[in-house]
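So the structure is just underneath, and the comments pick up after that.
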Amino acid sequence: MKIKSPYLVKPHTKVRLTRISTSDIDGFKSEEAAKAVLARHRAELADLQDVFYANQSRALLVILQGMDTSGKDGTISHIFSGVNPQGCEVAAFKVPTPLEARHDFLWRVHIQVPPRGIIGIFNRSHYEDVLSPRVHKVISGNVASSRLEDINEFESYLADNHILILKFYLHISKDEQTRRLQARIDNPKKHWKLSEADLHEREFWPKYIDAYDDILSTTSRKHAPWFIIPSDNKWYRNLAISTIIVDLMQSLKLKYPQPTIDVSAIKL
């Protein structure tokens, strides 16, 4: 899987998120211009998904990770609003249930992997089972490293079974998170999005960044690459991610399957 992007984390690259811009817009002069391109991407993605669904030779797994308010929900709604719901599945991973916690940490994830022909989107993912437990010292550094090795093997297995994997880290600054949280506080219609847990986790920002540095450095592979998407500007975040997804799907050059009947002989 060859993808050209300035936001690609090349395998075995040492990542330092504090040195990477959260506000890059890659020279775009206006939000309006970017939104026009995004609209074109949505139309292209709808057509590409139709062939993808009919062909059923591969699945696509899109993984979205990021700090609270980084825009995982918004990314899904803005990019995938035009695709056929029959060919798209979204799975959200929150705190494991008691049953899930009794299984290996990948048990609940594997069952959500999309079948061939489907675009699957993980709103948070198996990386959560390394991230928060590590930050809060529920697991040791050695266990976290072991889980990252398990994830690399798991994603390699998925790739061997014709599942394409794109992983996006939505990179926002703490100042931008503050602005977004304040906007939710100021808007009564957004109060439902607020939680004590989200506010509490802000205290651990540096530790989360350190944990993500390790995740991004350790688990970006040719078959399952990470992209660090500057996400302070929501409109550019959506454009950058849609560009990568559309480019990948176009590169597949998929075709509709041959009919199983002689269409020319059909008379109604």
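The values are calculated or read from the model by the stated rules, or taken from the named source; none is laboratory data. Keep in mind the model is a prediction, meaning the values are calculated, not measured. Heads up, the Cβs are rebuilt from the backbone with ideal geometry, glycines too, and the neighbour counts pull from every protein chain shown.
Among what's in the stretch 20-45 and is small (Gly, Ala, Ser) and free of Cβ contacts under 8 Å to residues at least 12 places away in the same chain, pick the residue that is surrounded by the fewest Cβ atoms within 10 Å (Cβ to Cβ).
Just the residues of the stretch 20-45 that are small (Gly, Ala, Ser), to begin with: 21, 23, 27, 30, 33-34, 36, 39, 43.
Next, only the ones that are free of Cβ contacts under 8 Å to residues at least 12 places away in the same chain stay: 27, 30, 33, 36, 39.
Values: Gly27: 5, Ser30: 10, Ala33: 12, Ala36: 12, Ala39: 12.
By that ranking, first place goes to Gly27.
Which of (1) surrounded by 12 or more Cβ atoms within 10 Å (Cβ to Cβ); (2) modelled with pLDDT of 95 or more is the odd one out, the single condition Met1 does not satisfy?
Every listed condition holds for Met1 apart from (2).
Can you list the helices (runs of 4 or more DSSP H) lying wholly within the stretch 46-141 that have 3 or more residues being surrounded by 14 or more Cβ atoms within 10 Å (Cβ to Cβ) and at pLDDT below 95? Show your work before the answer.
On the way: elements: 72-79, 98-102, 107-110, 128-135.
Fully inside the stretch 46-141 and qualifying: nothing.
Applying the selection to the stretch 1-43, what residues are acidic (Asp, Glu) and out of contact with any helix residue (DSSP H, G or I) (no Cβ under 7 Å at 6 or more places or on another chain)? Full working, then the answer.
Filtering the stretch 1-43 down to residues acidic (Asp, Glu) leaves 24, 26, 31-32.
Passing the criteria: Asp24, Asp26, Glu32.
Residues being surrounded by 10 or more Cβ atoms within 10 Å (Cβ to Cβ), of a type in the set (A, V, I, L, M, F, W, C) and free of Cβ contacts under 8 Å to residues at least 60 places away in the same chain: count how many of those fall in the stretch 181-196. Working first, answer last.
First pass over the stretch 181-196, keeping only residues surrounded by 10 or more Cβ atoms within 10 Å (Cβ to Cβ): 181-185, 187, 190-191, 193-195.
Imposing the further condition that a residue be of a type in the set (A, V, I, L, M, F, W, C) reduces the set to 181, 183, 185, 194.
Remaining after also requiring free of Cβ contacts under 8 Å to residues at least 60 places away in the same chain: 183, 185, 194.
Looking only at that region, the number is 3.
Yes or no: the stretch 210-230 includes at least one residue that is modelled with pLDDT under 95 and surrounded by 11 or more Cβ atoms within 10 Å (Cβ to Cβ). I'd like the intermediate steps shown before the answer.
Applying the first criterion (modelled with pLDDT under 95) to the stretch 210-230 yields none.
No, because not a single residue in the stretch 210-230 is modelled with pLDDT under 95 and surrounded by 11 or more Cβ atoms within 10 Å (Cβ to Cβ).
Yes or no: the stretch 157-165 includes at least one residue that is touching a His at 6+ places or on another chain (Cβ under 6 Å) and not polar (S, T, N, Q). Can you show your working first?
Filtering the stretch 157-165 for residues touching a His at 6+ places or on another chain (Cβ under 6 Å) gives 159.
Next cut, not polar (S, T, N, Q) only: 159.
For the stretch 157-165, residues touching a His at 6+ places or on another chain (Cβ under 6 Å) and not polar (S, T, N, Q): present.
What residue, among those in the stretch 74-126 that are over 14 Å from the mean Cα position of the chain (by Cα) and of a type in the set (D, E, K, R), is farthest from Ala159 (Cα to Cα)?
Top of the filtered list is Arg102.
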